[in-house]
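**Student:** Below is the structure I would like to discuss, written out as structure tokens.
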Amino acid sequence: MLLPRTLVYLFATGIFLPASIGLSSSAFAKDFEVWLVDQSNSNGKTFGGTIHIYDGDVLNGKAAASTTPTDVLDLSGATSALCLASTGANPVRPHMLFFNSTHSHAILSFVTSGHVVIFNAATRTPVACIRTSPGAGGARQAHAASPAPDDSYILVSNQNGKLLERIDANFATNTFTLNALATINLATCVTPNGEDCQDVELRPDNAPIVPIVDSSSTLGFITLRGGGLFVVNPKTTPMQIVAEYDRTTVHGNGFGGVQAAGTMFVNSGGGTSTNQDEFDVYAFPLSGYSAANSPNTPTPELLYSDDGGERDSHGMTVMKHERFLWVLDRVQNIAEIFDTETGANINTVDLNIGGPAGLAPDLADVSPSGNRIFVSLRGPNPLSGDPHASTGSTPGLGVIKVKEHGARGVLKSVVPIHNIDAGGIERADAHGIRVRLKGRKILCSKSR
């Protein structure tokens, strides 16, 4: 049984809203823009990348397909210069993007080089560049860097280094420090129950994928590449494991999560050479975690599982009124919709209809009014994930028109991006995407 609706945390945007709030046809919302990350190298270079920033009102309108960015940030410029000066290395492969609670700052992780860059979101200026620590076999990556809702830290999944790291943060003073004393080495640690954190039977590959922080900022749900999951208390130094799950409870290729309706929803998918096809969605409670518990406690609810066909559960987002959860499938080019109150799978949206086929929808976020979902679309030469799952036909941004408050939807527009190399090959490969809130204005909730 899922918990009753209390507070919704939109992990995609860092917005907290009381669940009881409803909006009439004329309601206060916020101006917004959409940030889309192209993880391909800056043209002619072996580092950098690009962030395309779009005006939200234009994307919400009839001319969305022909819109152009209001800003294009070439990450081989000021961003790379800051990283080179701060760490001695250029940043490579921008991957996932988040905003802090006030949307004053953007946090961008570079999955190949292990950098985390924090930007002043309004001025688009990089203010800090931090590099993760060498871990297992000397490897280091920053697959995702998730800011806590209270803005006190950024939790970093150092993927191939198999480290969970914490950046202590003060966004008001632009002070960001990698706290080495807080790190959990997921390759060598021991769980509260005395088991090896990484174990050939329990958790064979502890590469952390995405750290999902709950609304209290005291629980971090850490998905793992080889299956299993850890819940940690990110506030302690060192950080402490408070729940341990094995790969029979949470399957391989754990990816992301979103909090809504008093529940943390987490998924696991396919998309790697050793585990190509999987689509699972779980519901975890937000209380009952203790290092004194036995393994796999408290027990998550398995809402959906389809591991027999060509599937890849990946990006997740929740609607404005937190009633409906959308989970994207990059292989099937669809979105599965779940009722957050009952956990039921209520609908499937075919994203091959309304635009080019084979878009490989990756990550998603919702407009402030709730009438649009924005989706990153992978390119023909994907730079992350197994190619069978992440190869797309049209790199760029998809705009989905939401119907029935999120119970249904239809692809409305596709906004392509391009990065053509000297040989005429398309290198653009969209991945990270987030809605950034700006000033307030009145919006009509009726979709245009």
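Throughout, read-outs are computed from the coordinates displayed, never taken from laboratory work. Worth saying up front: this structure is predicted, and the values here are computed from it rather than measured.
**Student:** Does the range 46-88 come out rounded, prolate or oblate, given a ≥ b ≥ c as the square roots of the eigenvalues of its C-alpha gyration tensor, rounded meaning a/c under 1.5 and, failing that, prolate meaning a/b above b/c?
**Tutor:** On the way: a/c = 5.40, a/b = 3.62, b/c = 1.49.
In terms of gyration-tensor shape, prolate.
**Student:** To one decimal place, what orientation-averaged projected area in nm² is obtained for the convex hull of the Cα set of the chain?
**Tutor:** For the chain, the mean projected area of the Cα convex hull comes to 19.1 nm².
**Student:** Same structure again: Check the chain and count each lysine pair with an alpha-carbon distance under 12 angstrom, considering only pairs eight or more places apart or from different chains.
**Tutor:** Number of lysine pairs found: 8.
**Student:** Next question, about the same structure. Treat the range 81-146 as a sphere of radius equal to its Kirkwood radius over Cα pairs and apply Stokes-Einstein at 10 °C in a medium of 1.306 mPa s; give the translational diffusion coefficient in µm²/s, rounded to a whole number.
**Tutor:** 133
**Student:** Also, I was wondering about something else. When the helices in the chain are scored as -39500 (n - 2.57) per DSSP H run of 4 or longer and the sum is shared across all residues, what 222 nm value do you end up with, to the nearest 500 deg cm²/dmol?
**Tutor:** After summing the helix terms and dividing by the residues of the chain, the value is -1000 deg cm²/dmol.
**Student:** Rounded, prolate or oblate: which one fits the range 267-381, using the alpha carbon gyration tensor with axes a ≥ b ≥ c (rounded when a/c is under 1.5, else prolate when a/b beats b/c, else oblate)?
**Tutor:** Judged from the Cα gyration tensor, the range 267-381 comes out oblate (a/c at least 1.5, b/c at or above a/b).
**Student:** Using all Cα-Cα distances in the range 137-194, what percent lands in each 10 angstrom bin from 0 up to the longest?
**Tutor:** P(r) over the range 137-194, rounded to whole percents: 23, 47, 25, 5, 0.
**Student:** Which three extents, in whole angstrom, do the alpha-carbon atoms of the range 216-319 cover along their principal axes, largest first?
**Tutor:** 40, 31, 21
**Student:** What number, in percent, do you get for the relative contact order of the chain if the mean sequence gap of Cα pairs under 8 Å and at least 6 apart is divided by its residue count?
**Tutor:** It rounds to 15 percent for the chain.
**Student:** Short version: what are the Cα gyration tensor semi-axes of the range 335-448, square root of 5 times each eigenvalue, largest first, in whole Å? Don't skip to the end; give the middle numbers.
**Tutor:** On the way: eigenvalues 149, 64, 30 Å².
Equivalent-ellipsoid dimensions as semi-axes: 27, 18, 12 Å.
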